[in-house]
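Every number here is computed from the coordinates shown, using simple stated rules; none is lab data. All values derive from a computational prediction rather than experimental measurement. Note that each Cβ is placed from the backbone with ideal geometry, even for glycine, and that neighbours are counted across all protein chains shown.
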Amino acid sequence: MDDILTLRHVLRESRTLAIVGLSADWYRPSYFAAKYMQEKGYRIIPVNPKYPEILGEKCYPDLQSIPVRVDLVDVFRKPAECVPIAEAAVEIGAKFLWLQIGVINEAAKEIAERAGLTVIMDRCVKIEYARLFGGLNWMGVNTGVISSHRPQ
């Protein structure tokens, strides 16, 4: 399901990303990925009860507390914590559930897919954005996407 067309669709159709487990520590992968996506024009909504604000955005304790529509729920939590997150993503009407690299939970995937969400699992939103829309290839990394021109 994580083919190139699906990944491009998810990234193109998402404008508001709720990042569950986003850390305020600049050296954490969640912070790096969120900052990158924010710089690419996405609205980032941090979900972490530990902080009042991250990256200039108000932090929320859980998905249900977010007062605006969320397109994509990006999860930086342990796999064992994903089922209630998937249930909350369904409850708030998100279109996509994205489990980061190393975050694999088949039960969470099934819950989200049964409700009509597209699920991406064990991939990084920042890496996939850079790979598919330009970024990684500028550093000489073989992205595996062969094309004579950049996608629109």
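The chymotrypsin sites (Phe, Trp or Tyr not before Pro) of the range 17-115 that meet both conditions, a loop assignment by DSSP and at most 12 other Cβ atoms within 10 Å of the site Cβ, are Trp26, Tyr27.
Once fully extended, how much extra length lies between Lys50 and Asp3, figured as 0.36 nm per residue of separation less the alpha-carbon to alpha-carbon distance?
Values: separation 47, 0.36 × 47 = 16.92 nm, distance 3.51 nm.
Separation in residues times 0.36 nm, less the Cα-Cα distance, equals 13.4 nm.
Most mobile of Gln64, Gln38, Gln100 per a Gaussian network model of the chain (Cα springs, under 10 Å)? Per the Cα network of the chain with a 10 Å cutoff, Gln64 tops the list.
For the residues Ala108, Ala89, Ala80, a GNM of the chain with alpha-carbon springs under 10 Å puts the largest fluctuation on Ala80. Taking every alpha-carbon pair under 8 Å whose residues sit at least 6 apart, the chain reaches a relative contact order of 20 percent. Among residues other than Gln38 with Cβ under 11 Å from its Cβ, the summed charge is +2 (Lys and Arg +1, Asp and Glu -1). The separation of the range 33-57 from the range 62-132, counted between C-alpha centres, amounts to 16 Å.
Counting only DSSP beta bridges whose two residues both lie in the chain, roughly 10 percent are antiparallel. Taking label points 7 Å from Cα along the Cα-to-Cβ direction, Trp26 and Arg12 give a separation of 3.6 nm. Largest GNM mean-square fluctuation among Leu99, Leu22, Leu11, using the chain with Cα springs under 10 Å: Leu11.
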